[in-house]
1. Report yes if Leu198 is at pLDDT below 95, over 29 Å from Arg102 (Cα atoms) and touching a Ser or Thr at 6+ places or on another chain (Cβ under 9 Å), otherwise no.
2. How do the pairs read when you match residues in the range 213-231 that are within 16 Å of Gly146 (Cα to Cα) and of a type in the set (S, T, N, Q) with residues anywhere that are in a helix (DSSP H, G or I) and at pLDDT 95 or above, using Cβ under 7 Å and keeping only pairs 6 or more apart or on different chains?
3. Within the bounds of the range 154-164, is there any residue that is within 20 Å of Asp9 (Cβ to Cβ) and in contact with an Asp or Glu (Cβ under 8 Å, 6 or more places away or on another chain)?
4. Residue check, Ala126 against (1) surrounded by fewer than 22 Cβ atoms within 10 Å (Cβ to Cβ); (2) of a type in the set (A, V, I, L, M); (3) more than 18 Å from Phe240 (Cα to Cα), all met but one. Which one?
5. What pairs can you find where one residue is in the range 60-72 and open to solvent by 10 Å² or more (accessible area, probe 1.4 Å), the other is of a type in the set (Gly, Ala, Ser), and their Cβ atoms are less than 8 Å apart, with a gap of 6+ or different chains?
6. Select the strands (runs of 3 or more DSSP E) contained entirely in the range 4-117, then report the ones holding at least 1 residues which are of a type in the set (Ser, Thr, Tyr) and farther than 30 Å from Pro156 by Cβ.
7. Given the criteria modelled with pLDDT of 95 or more, open to solvent by less than 70 Å² (accessible area, probe 1.4 Å) and more than 20 Å from the chain's Cα centre (by Cα), does Ala56 qualify?
Amino acid sequence: MQTHLLLCDIGNTTLKIGVADEKRVLTSYCLPVQNEETADSFGFTLLSLLTHARVAPDSILAAAISSVVPRMDSLVREAVSRYLDCPALFAPHDLPIPLENRYDRPEEVGADRLVGAFAARRLFPAPQSLIVVDYGTAVTFDCVSGQAYLGGLIFPGPATAVAALAANTSRLPTVNLDIRAQEPAPCRDTATSIRHGLVFGFVCVTEGLVKRLKDQMSAPTKVLATGGFSQAIARLSTVFDAVLPALLLDGLRLLYFEENKS
């Protein structure tokens, strides 16, 4: 029987679940994080996704997990043990990340940021420096030099900005951020004004922060992006050298199969 690895990237807003073999991520799913989730409901979700992916539950060797939501950790561990009968391995505690962590308090860095930085370095070993931009609930800019994680920047994410704008104003609506324009323009309705302001605002923030970070790093520097909004930025800017939607899941795969498997 072919064996597989379950991948879980647990964020504040979304939960990404994937299935991988030793060579690649085979498929992935993106679900909302549910406040009322239980170990049983999560276990049944895993079984349902594996059925859809046509992967036998008993082929799962382990679950490799990145989490920034502590309340989910014991729940996920219990669900994986009960419904898949395999270990749940959390980065970086169960799956050590082979990068020097230069944060003043290393335990403060989100596991997702470290896994993304590790994956970037493994996938792109040649450049001296890397900047990884991840668009989630927050946008993070993480810097790697050689085999060291230097730290980075944190900025509110697109969905967070939209929600905050609607929640803290009387007349501004919640809008989606889908646009076709290539350049910002004076807009003649409120919804389009918000879209142009936020989308092109994030383009300028990304370009500006990346430039300022690159000026402080040793060349050559490659800029990588992940997260759902990265493709929208890439359509409007040449700031990224590569857009890698499965970067974090690929990092978990690499940690298990290439770094920590006994």
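The values are calculated or read from the model by the stated rules, or taken from the named source; none is laboratory data. What you see is a predicted model, and the numbers here were worked out from it, not measured in a lab. Cβ placement follows ideal geometry from the backbone for every residue including glycine, while neighbour counts extend to all protein chains displayed. All accessible areas refer to the heavy atoms of the entire protein, side chains included, with ligands and DNA or RNA removed. Shrake-Rupley method; radii C 1.70, N 1.55, O 1.52, S 1.80 Å.
1. no
2. Listed pairs, sorted by first residue: Thr221/Lys214.
3. no
4. (3)
5. Within 8 Å, the pairs are Ser67/Ala111; Val68/Gly11; Val68/Gly110; Val68/Ala111; Val69/Gly11.
6. Where strands (runs of 3 or more DSSP E) fall fully within the range 4-117 and carry at least 1 residues being of a type in the set (Ser, Thr, Tyr) and farther than 30 Å from Pro156 by Cβ, they are 25-32.
7. Answer is yes for this residue.
Conditions (1) of a type in the set (Asp, Glu); (2) modelled with pLDDT of 90 or more; (3) within 14 Å of Arg102 (Cα to Cα); (4) open to solvent by less than 30 Å² (accessible area, probe 1.4 Å), marked per residue:
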site	(1), (2), (3), (4)
Ala138	no, yes, no, no
Asp142	yes, yes, yes, yes
Gly152	no, yes, yes, no
Thr160	no, yes, no, no
